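Nothing in this text is a laboratory measurement; each read-out follows from the coordinates by a stated rule. Keep in mind the model is a prediction, meaning the values are calculated, not measured. When we count neighbours, we look across all protein chains shown, and the Cβ atoms used for this are built from the backbone with ideal geometry, even at glycine.
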Amino acid sequence: MTRKGRRLLLISGALGVLAVAAGLVLFALSDTIVFFRSPSEIAAERTAPGTRLRLGGLVKDGSVVKSDNTHVRFVVTDGGGDLAVNYVGLLPDLFREGQGVIAEGTMAPDGTFTADSVLAKHDENYMPKEVADALKKQGVWKEGEGKP
Amino acid sequence: MNPEIGHYALVLSLAVAILMTVIPIWGARSGDEALMRVGSTLALVLAGFVSLAFAALVSAYVQSDFSVLNVVENSHSAKPLLYRITGTWGNHEGSMLLWVLVLAVFGALVALFGTNLPARLKANVLGVQGSIAVAFLLFILLTSNPFTRVVPPPAEGNDLNPILQDIGLAIHPPLLYLGYVGFSITFAFAVAALIEGRIDAAWARWVRPWALAAWGFLTLGIAMGSYWAYYELGWGGWWFWDPVENASLMPWFAGTALIHSAVVMEKRDALKVWTVLLAILAFSLSLLGTFLVRSGVLTSVHAFATDPSRGVFILGILIFFIGGSLALYALRAPTLRQGGIFAPVSREGALVLNNLLLTAAAAAVLVGTLYPLALEAFNGEKITVGPPYFNLTVGALMLPVVFAMPFGPLLAWKRGDLAGAAQRMMAAFGLAIVAGALALWAQGGGPLLAPFGMGLAVFVVIGAAVEIVERAGFGRLPAATAFARLRGLPRSAFGGALAHAGIGVCLFGIIAETSWNAERITGVKVGGSFEVGGYELTLDRLEPRNGPNYRDLVGVFSVRKGGVDAGTIESAKRLFTARNMPTTEAGIRTIGFSQLYVSVGDELPGGAVGVRAYWKPFVTLIWIGALIMALGGVLSLSDRRLRVGAPKPAKKPKARPGPDADPAAPVPAE
């Protein structure tokens, strides 16, 4: 094979790998991304049951109900809307009423949210960016104020 | 030590770094040897001043000097000494100071050990290193001064985030920074070569030790971070595809590609332009990682003390260095002469495939990590790209890499014999099929991921051993000759094989844990029991205990398997009193290579406590595999051919230029 031929083969091989990688990335992205929503957005959009979402907001004061088999029910609020969340499992250490939380899961047919993971931050001064933005939109919290 | 001394040392460092950027590069341009030599002195002085600043901050922490704002915000006088020291870099300012310290120390090491470097190359390398130091010292002095005083000083500090009060903070960030910042040296070498417009196989030999060292540290840093998150966060997860983890994985992929392509360049004088690009990319991705972690633009579970406003400054540094080096690359790369032709099936060909796939994987991770940012900027939509995306893309791209890995070293340079290599791999194939069949039998049918993955892992480990056996010539030559050849093999051959075996071990752990783990979440009362992974756990008692700056509620579990006592596990809910912040202290019992993992949660109505328990088969192999990889890196580094300061092959009267001139290496079986 000539030097030119080898180089051509090398370059076409490289382009082939890149094309496969690009195809994989696009396919995976179209299939696996999860959208972030606040309770008021979900209420406004009438999100269909079974939709996978990341729900963010504040844990409503007085809403956390625990049962003895690690089933927890709480309400997430962004000031403009509330959404009840069901979760089976252990809550993160920094999960508290009145604090920011992100729950990932699906909408149930009865209009509640079934979470399979609940995230609170590892730093008590830190508010997840998505939650902060959602709260700002509802006017619950403004930049520069103490964090809720 | 007085904090003002530290602050003053930082300002002096900046002045020294500016001189270090200007003088050696100027000297290299004008050909003035005296000016070039100044670079080494300045690099040592810089390391001295930055160390002094760092020591001043550590001493403020150790003495709990609450007149320093940074200490007030992140320390507490009741904290044990170890965490007072490690707390120095458990915050934004101190962590950036550690970053610059590592940078300065690497520069000093080049000055000390780079005695065999051509004066001009060394001067340019130190100059580039100095310019990076200027940027980050400015960043610290202008936006993140750790020595700011507070008047009047409070009597007590706010304490360090309890999650960071762990031995992991002493190990993980320094190792990770040694890896990230280690790539600054290869970056500086690449930019220096581009400035000179000249690059040859010797360049690759000078760069390889630094690339190997950085890669080894990064491997260890990532693995230790993974284990730390695993036992500290209490969820039993060891990899979340979190932006901060991805930030460390991308330079790892680029660095892995770099240490392989540098071999091709050193031995065959080929892939020059590509190797230089990889050296630039590895450090660019490290800078990107620093930016993502420090700015908090992406929501991460591992993000501590982030500050978006300061992120803009790092973004500026990022654009300057990445943009500048890539522009220089575009300008100069076409002038670098290519050499060394090879057939597609050859050692070079295999390494090109490795490089293509590794960079594609890094790109896939980059897209997945930054896509949410791009989409939000584009239409305001907030999304997350979760584990399924990364598992699919990285998994699919890594599969051929791992499968081809044992074949590569068996192929000859220039033109290889794939059928011959496959024949020599028959033993590994056979054992892999046996392992896969065993795995299938162990799980009683079901999904094929585990049998396939474990077969592949065994193939890789045995394949690495086959490589060494083949190179020594066992089976083809008399045993005595083969043993003699085995002793004569360069250490880098063993290092490479060991690192490859480490990948196999790690893969085995990943596949076993993902396919066969068992999880149990339940409420349990004192005296009650539950089962997980074939083990029966009984909650014997709940007892309160007091630590130096926390209170524990410890759940003591006794473990039984088939009625036989298998020890106890203690897991605690820990309340740090200074911040009134709870953490979960997981209880872990290692059984063979597997682990039982128990974390206790909140008390539930009716007197029970929530318990999350996992059975994680072979999980420790994930980190053991990473340790083996790093050990392989160390072994390669100790090869006398690569040892920094090894004699140049200039002794030969007329060193043949090009690929075969390698008299320093004993080459029994290339």
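Which shape class applies to the stretch A:35-137: rounded if a/c is under 1.5, otherwise prolate when a/b exceeds b/c and oblate if not, where a ≥ b ≥ c are the square roots of the Cα gyration tensor eigenvalues? Could you put the intermediate results ahead of the total?
Values: a/c = 1.59, a/b = 1.05, b/c = 1.51.
Oblate, because a/c is 1.5 or more while a/b does not exceed b/c.
Couplings 3J(HN,Hα) of the stretch B:547-556, computed from phi: x, x, 9, 8, 10, 10, 10, 9, x, 9 Hz, in residue order, whole Hz [Karplus 6.51 cos²θ - 1.76 cosθ + 1.60, θ = phi - 60°; x for Gly and Pro]. With a Förster radius of 56 Å applied to the beta-carbon distance between residue A:30 and residue B:469, the computed FRET efficiency rounds to 0.75. Okay, which of the stretch B:40-64 sit inside 20 Å, backbone N to the point 7 Å along the Cα-Cβ direction of residue B:11? It comes to B:45-58, B:60, nothing else. Spin-label model, residue B:551/residue A:19: points 7 Å from Cα along the beta carbon direction are separated by 6.7 nm.
Taking the charge dipole of the protein assembly as shown about its Cα centre, with +1 at Lys and Arg Cβ atoms and -1 at Asp and Glu Cβ atoms, the residue from B:283, A:67, B:342 reaching farthest to the positive side is B:342.
Taking each residue in B:601-611, count the Cβ atoms of any other chain within 10 Å of its Cβ, then average. What number comes out? Mind showing how you got there, number by number?
Details: counts 7, 7, 1, 7, 4, 4, 1, 3, 2, 8, 2.
That average works out to 4.
Considering only C-alpha atoms, what is the centroid distance from the stretch B:22-69 to the stretch A:48-92, in Å? Rounded to whole Å, the Cα centres lie 53 Å apart.
Packing order of peptides B:194-201, A:70-77, highest average first: A:70-77, B:194-201 (average count of other Cβ atoms within 10 Å over each peptide's residues).
Among B:520, B:545, what is the fewest-to-most ranking by other Cβ atoms within 10 Å?
Working: B:520 17, B:545 12.
Ordered by Cβ neighbours within 10 Å, fewest first: B:545, B:520.
The order of B:231, B:614, going from fewest to most other C-beta atoms within 10 Å of their C-beta, is B:231, B:614.
Taking 0.36 nm per residue of separation and subtracting the Cα-Cα distance, full extension of the segment from residue B:487 to residue B:82 would add 141.4 nm. For the pair residue B:55 and residue B:426, a Förster radius of 45 Å applied to the C-beta separation gives a FRET efficiency near 0.15, rounded to the nearest 0.05.
Residues whose amide H lies under 5 Å from that of residue B:591, counting only those 5 or more places away or on a different chain, are B:596; hydrogens are built 1.01 Å from N in the peptide plane.
Normalised by the number of residues in the stretch B:518-616, what is the relative contact order in percent for Cα pairs under 8 Å and 6+ residues apart?
Working: 241 pairs, mean separation 25.9, N = 99.
Relative contact order of the stretch B:518-616: 26 percent.
For chain A, modelled as a GNM whose springs connect Cα atoms under 10 angstrom apart, the maximal fluctuation among A:82, A:93, A:61 occurs at A:93. Database remark: amide H of residue B:581 closer than 5 angstrom to the amide H of B:576 (H placed geometrically; neighbours at sequence offset of 5 or more, or on other chains; Pro and chain starts carry no H).
If packing is taken as the average number of other Cβ atoms within 10 Å across a peptide's residues, how do B:402-413, A:4-15 rank, most packed first?
Values: B:402-413: 19.7, A:4-15: 12.6.
The packing order, highest mean first, is B:402-413, A:4-15.
So if R0 is 41 Å, what FRET efficiency would residue B:331 and residue B:112 give, r being the distance between their Cβ atoms, rounded to the nearest 0.05? Display every interim value, and only then the final one.
Details: r = 32 Å, r/R0 = 0.78.
The pair residue B:331/residue B:112 has a calculated efficiency of 0.80.
Note on chain A: dipole from Cβ charges, positive end direction compared against A:99, A:11, A:22; the farthest Cα belongs to A:11. Placing a label point 7 Å from the Cα of residue A:67 along the Cα-to-Cβ direction, the residues of the stretch B:576-616 with a backbone N closer than 13 Å are B:605. Calculated mean residue ellipticity, 222 nm, chain B: -20500 deg cm²/dmol, from DSSP H runs (n ≥ 4) at -39500 (n - 2.57) each, averaged per residue and rounded to 500. Centroid-to-centroid, using Cα positions, the stretch B:449-481 and the stretch B:583-609 are 40 Å apart.
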